[in-house]
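Worksheet: one structure, shown below.
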C-alpha cells in the first residue's frame, strides 16, 4: 500500500489454490515473515454512472483488521501473467465519512466483496493468502514477485487474469441464484 504523494505501480500475480495450508507451509519453509493472521476484509467498489468501470479504473473503500483505506487503481496492463497498473492507496480514519464524501461527489457503492486475508513478506514481496466464497488464492505483489512465485511452485504465465469480482461473475453465470455481491456466509 502506498501512502506517499507519488503514484505507485501495482505489480501482482494471482493464483488459485486447493487450500491455504500447503502455501502457508511453503512460506514457512522459505522463512517468510507473517505480517498478519487471517482477518476479514470488506470492500466496496464505488463508481459514478459507470464512468470508472468503462475503462477499467477502480475506486475502492476497504475495512480490514488494520482499519480502513481507500484506493484508486488505473486500467490494468499485462506483462506475461503479471497485472500492472497505477495504484494510489492510503489509510483513512473514518470509513463512513469517506462514504459520505464520495456520495456527495456522485459516487455510490456498485459492488461489494469480502475475503479473509492473511499477509506474509519475503524480501520486497508481499504475499496475500485469500479465502473467498469462490475458493482460495495467493497473490504475490512487489519487486521480485515473479521470482517468489516461481520459488513457491507457480509459473507466472499461469497467473489469474481476472479480479475476484470477475471470477465471481463467471461463477454466477453457472449459479444465477447467487447474489450480485461476493459476501462470505
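Computed from the coordinates by the stated procedures, all read-outs in this text should not be read as laboratory data. Small disclaimer: the values here were computed from a predicted structure and weren't measured. Note that we place each Cβ from the backbone using ideal geometry, even for glycine, and neighbour counts take in every protein chain shown.
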Within 10 Å of each residue's Cβ, count the other Cβ atoms and sort 131, 100, 171 from fewest upward. 100, 171, 131
Take the alpha carbon atoms of segment 47-83, find their center, do the same for segment 9-28, and report the distance between the two centers in whole angstrom. 21
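Quick one: order 7, 146, 53 by neighbouring beta-carbon count within 10 Å, fewest to most. Write out the running numbers ahead of the final one.
Values: 7 11, 146 20, 53 15.
Fewest to most other Cβ atoms nearby, the residues stand as 7, 53, 146.
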Computed, not fitted: 222 nm per-residue ellipticity of the chain from DSSP H runs ≥ 4 (each -39500 (n - 2.57)), nearest 500, equal to -5500 deg cm²/dmol
Residues 148, 54, 125, 110, sorted so that the one with the fewest Cβ neighbours within 10 Å comes first: 54, 110, 125, 148
